[in-house]
Amino acid sequence: MLLEALSSAILGLALAWAATQRLSHRLPARPLVLSTGVAGALFGAFVMHSALEAGHLLLVLLGAVIVSVASLSLLLRPAGRHLRRRSATA
């Protein structure tokens, strides 16, 4: 279980670092992105470990990656376009 947690944290950190390198203009502050990636990966690993029990390391890591990416996607801001709202009477 310790190997799962450590591997998940490293995967979450790597995914968050890659996101900050590639999408830095659309993400908030780097410490928030890095901690969100790690927390999402650890939560995903916890959920998958609880559902599958021991012995399924690759599936646990896959769950960690999925939840980490989903958590990081929630931090994305819209790309450069400014949305204009039209009034109801227009």
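The single condition among (1) part of a helix (DSSP H, G or I); (2) open to solvent by less than 100 Å² (accessible area, probe 1.4 Å); (3) modelled with pLDDT under 90 that Leu3 does not meet is (2). If the condition is being touching a helix residue (DSSP H, G or I) at 6+ places or on another chain (Cβ under 6 Å) and part of a loop (DSSP other than H, G, I, E, B), then region 6-57 contributes only Leu27.
The values are calculated or read from the model by the stated rules, or taken from the named source; none is laboratory data. Computed from a prediction, not measured in an experiment: that's the story for all the values here. Note that each Cβ is placed from the backbone with ideal geometry, even for glycine, and that neighbours are counted across all protein chains shown. When the accessible area is computed, the model is the full protein with side chains, heavy atoms only, and any ligands, DNA or RNA have been set aside. Shrake-Rupley method; radii C 1.70, N 1.55, O 1.52, S 1.80 Å.
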